[in-house]
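The values are calculated or read from the model by the stated rules, or taken from the named source; none is laboratory data. Nothing here was measured: the structure is a model prediction, and the numbers come from that model. Here Cβ is always computed from backbone atoms with ideal geometry, including for glycine, and neighbour counts include all displayed protein chains. Each accessible area value is taken on the protein alone, full model and side chains, heavy atoms only, with ligands, DNA and RNA left out. Shrake-Rupley method; radii C 1.70, N 1.55, O 1.52, S 1.80 Å.
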Amino acid sequence: GPYTTSDSGAYEPLSDLIAVIARHRPDVCILFGPFVDAKHEEVENCQLLGSFADVFKLCLKTIIEGTRSAGSHLVFVPSLRDAHHDYVYPQPPFPCPELPKDDKPRVHFVSDPCTLDID
């Protein structure tokens, strides 16, 4: 992350990433925050259309639904710049939102720092 450009709060780079994941179908995709960047101008000036948590949930939903057909495992790693998350180090994983039953096995939330053992 961040998954926005510096001059826009729209998530166009995230859409591009989702398209790459859908096309290449990787086994695992590790996504590092920030997902809602505390340093972004629109966040600093409170110009978002919803709360930090709501923007993050929408971002997660977009990623999870957009990669469902690829079947890739998604690993979400927080950043100290995530506006909606704890500003402590080490950081706990993001709270697990209500996920559809079929997505639970492939969506993983980890702490920062963390150790991943993939296959």
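Data table
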| item | result |
| --- | --- |
| Simple spin-label estimate for Val28 and Glu65 in nanometres, 7 Å along Cα-Cβ | 2.8 nm |
| Among 88-96, 68-76, the order from most to least packed when residues are scored by Cβ within 10 Å on average | 68-76, 88-96 |
| From phi via Karplus (6.51, -1.76, 1.60), per-residue ³J(HN,Hα) for region 107-119 in Hz, x at Gly/Pro | 10, 10, 10, 10, 8, 10, x, 8, 10, 10, 10, 9, 6 |
| Solvent exposure ordering (accessible area, 1.4 Å, most first) of Thr4, Thr67 | Thr4, Thr67 |
| Tyr87 paired with Ala19, simple spin-label distance in nm, labels 7 Å along Cα-to-beta-carbon | 3.6 nm |
| Å³ per residue enclosed by the Cα convex hull of region 71-112 | 70 Å³ |
| Between helix 12-24 and the chain: long-axis angle, C-alpha atoms, 0 to 90°, nearest 10 | 10 degrees |
| Principal-axis tilt of helix 52-66 within the chain, Cα atoms, nearest 10 degrees | 30 degrees |
| Segment Ala53-Ser111, extension gain: residue separation times 0.36 nm, minus the distance between their alpha carbons | 19.1 nm |
| Pair Glu98, Lys39: separation of 7 Å Cα→Cβ label points (nm) | 3.6 nm |
| Beta bridge orientation in region 12-109: antiparallel %, DSSP, nearest 5 | 10 percent |
| Accessible surface of region 12-109, 1.4 Å probe, proportion on carbon and sulfur as whole % | 56 percent |
| Largest-first principal axis extents of the Cα set of the chain (Å) | 41, 30, 22 |
